[in-house]
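To start, the structure itself, in structure tokens.
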Amino acid sequence: KDRRKSKDGQKSTKALSQLSPRPLESFAALATRFSAPKKLMANITEQDFEVPTEVQMGALPLLLDPASTFSTDALDMEDHTIDTADGINLLTVAPTGSGKTLAFLIPLLHRLLVEKRGEARTEHRTSTIILAPTRELASQTVNEARKLARNSGLRITQMRKGMRFAAMGHKTDGTNDTAEEKDDSISIVKADIIVSTPGLLESALSHADNAGGLHHVRDLVLDEADVLLDPLFRDQTLKIWTSLSNPALRVSLWSATMGSNIEQLATATIAARRKLLSEQLGV
Ligand code: ADP
Ligand code: MG
């Protein structure tokens with residue numbers, strides 16, 4: 001998002017138009033433009049959507065390959081540079097019912113399937129967290145994600161009370177095909193994607209056994225981000241966000257409104273993490 005004030009109206013209009021990605025013209029273009037994996041394409045086709053919605057047209061290219069959708073000029077504008085090498089952080093505001101779920105799920109599954117090519121299918125290291133304000137929404141999102149991940153070997157789990165993360169270095173043996181392993185009274189999550197409310201994930205994270213359990217997480221999605229960042233959930237959401245220690249973490253926020261100072265909170269959190277990480281790395 002280009003946030004420059006219009007000191008020079010013309011220049012900033014030009015920069016903004018350069019920042020618009022080339023829209024996704026059809027679902028078939030996911031394969032032709034972005035080499036989407038066959039399984040993912042088959043599962044999208046299965047759902048008989050005719051054309052991508054407006055938010056899908058805009059957000060999918062940005063998340064799948066930002067470099068290919070921006071012009072070179074826009075990537076290196078005079079007062080800030082957009083580094084697309086490792087993906088971008090995205091804030092999307094679009095009305096309820098406009099298809100935001102598919103817009104964040106497709107790029108997540110795309111990346112997981114590409115990364116898992118040639119890897120053992122029995123390894124389910126959590127690299128994606130989707131936060132939703134209610135268990136009902138979390139469960140709907142799990143269902144949507146499972147439809148898109150059918151026959152792919154990816155595992156998607158909704159966080160429940162008592163679930164724990166696998167310790168660092170934990171290897172799954174491939175003999176157990178349930179979503180978690182029973183270990184006395186607790187369940188060890190073995191899933192590529194975890195969908196959770198902030199409360200359940202935060203309480204799991206605050207358990208000493210879980211420290212470091214999510215250091216592989218590369219994608220964080222805040223669905224209904226205006227609610228996740230309103231005073232009721234804000235502390236839990238930001239605590240989870242800042243505890244994810246992977247320097248390559250990429251965050252996307254999805255909302256129907258611009259409430260709760262969502263943009264300021266997101267920008268401040270991204271800057272705070274960046275500072276923390278550069279201190280830790282000593283640069
Ligand atoms: P939002 O999160 O923006 O409120 P949802 O992701 O819940 O919206 O989608 C609303 C409905 O639209 C869902 O039933 C979904 O299956 C459907 N939908 C999503 N994308 C498309 C599409 N490209 N064409 C037709 N229907 C779609
Ligand atoms: Mg939604």
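The values are calculated or read from the model by the stated rules, or taken from the named source; none is laboratory data. Just so we're clear, the structure is a prediction, and the values are computed from it rather than from any experiment. Backbone-built Cβ (ideal geometry, glycine too); neighbour counts: all protein chains shown.
Could you list, in sequence order, all residues of region 69-101 that are modelled with pLDDT of 70 or more, surrounded by fewer than 18 Cβ atoms within 10 Å (Cβ to Cβ) and not β-branched (Val, Ile, Thr)? Residues satisfying the conditions are ASN89, LEU91, PRO95, GLY97, SER98, GLY99.
Among the residues of region 42-56, those identified as of a type outside the set (D, E, K, R) and away from ligand 2 (no atom under 15 Å from the Cβ) are ALA42, ASN43, ILE44, THR45, GLN47, PHE49, VAL51, PRO52. Residues satisfying the criterion are present in region 239-246 (criterion: in contact (Cβ under 8 Å) with a residue 60 or more places away in the chain and away from ligand 2 (no atom under 16 Å from the Cβ)).
To keep it simple, each residue is scored yes or no on (1) surrounded by fewer than 17 Cβ atoms within 10 Å (Cβ to Cβ); (2) of a type in the set (Gly, Ala, Ser); (3) away from ligand 1 (no atom under 16 Å from the Cβ).
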position: SER206; (1), (2), (3): yes, yes, yes
position: LEU232; (1), (2), (3): yes, no, yes
position: ILE240; (1), (2), (3): no, no, yes
position: SER245; (1), (2), (3): yes, yes, yes
position: LEU253; (1), (2), (3): no, no, no
position: LEU276; (1), (2), (3): yes, no, yes
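The set of residues in region 99-110 being within 7 Å of ligand 1 (Cβ to nearest atom) and within 20 Å of ALA266 (Cβ to Cβ) consists of LYS100, THR101.
For region 133-145, check the following and say yes or no: at least one residue is assigned to a helix (DSSP H, G or I), of a type in the set (A, V, I, L, M, F, W, C), modelled with pLDDT of 95 or more and away from ligand 1 (no atom under 12 Å from the Cβ). Yes; the residues of region 133-145 include at least one that is assigned to a helix (DSSP H, G or I), of a type in the set (A, V, I, L, M, F, W, C), modelled with pLDDT of 95 or more and away from ligand 1 (no atom under 12 Å from the Cβ). Filtered by the rule that a residue be modelled with pLDDT under 85 and either within 17 Å of the chain's Cα centre (by Cα) or β-branched (Val, Ile, Thr) (or both), region 248-283 gives a lone residue, VAL283. Can you tell me which residue in region 25-48 is surrounded by the fewest Cβ atoms within 10 Å (Cβ to Cβ), limited to those that are within 15 Å of ligand 1 (Cβ to nearest atom) and without any contact (Cβ under 8 Å) to a residue 40 or more places away in the chain? For region 25-48, the residue satisfying everything is ASP48. Is it fair to say LEU220 is of a type outside the set (Val, Ile, Thr) and either under 16 Å from the mean Cα position of the chain (by Cα) or in a helix (DSSP H, G or I) (or both)? Judged against the criteria, LEU220 is a match. Any residue in region 260-278 that is within 16 Å of ligand 2 (Cβ to nearest atom), in contact (Cβ under 8 Å) with a residue 60 or more places away in the chain, under 20 Å from ILE129 (Cα atoms) and part of a loop (DSSP other than H, G, I, E, B)? No: zero hits.
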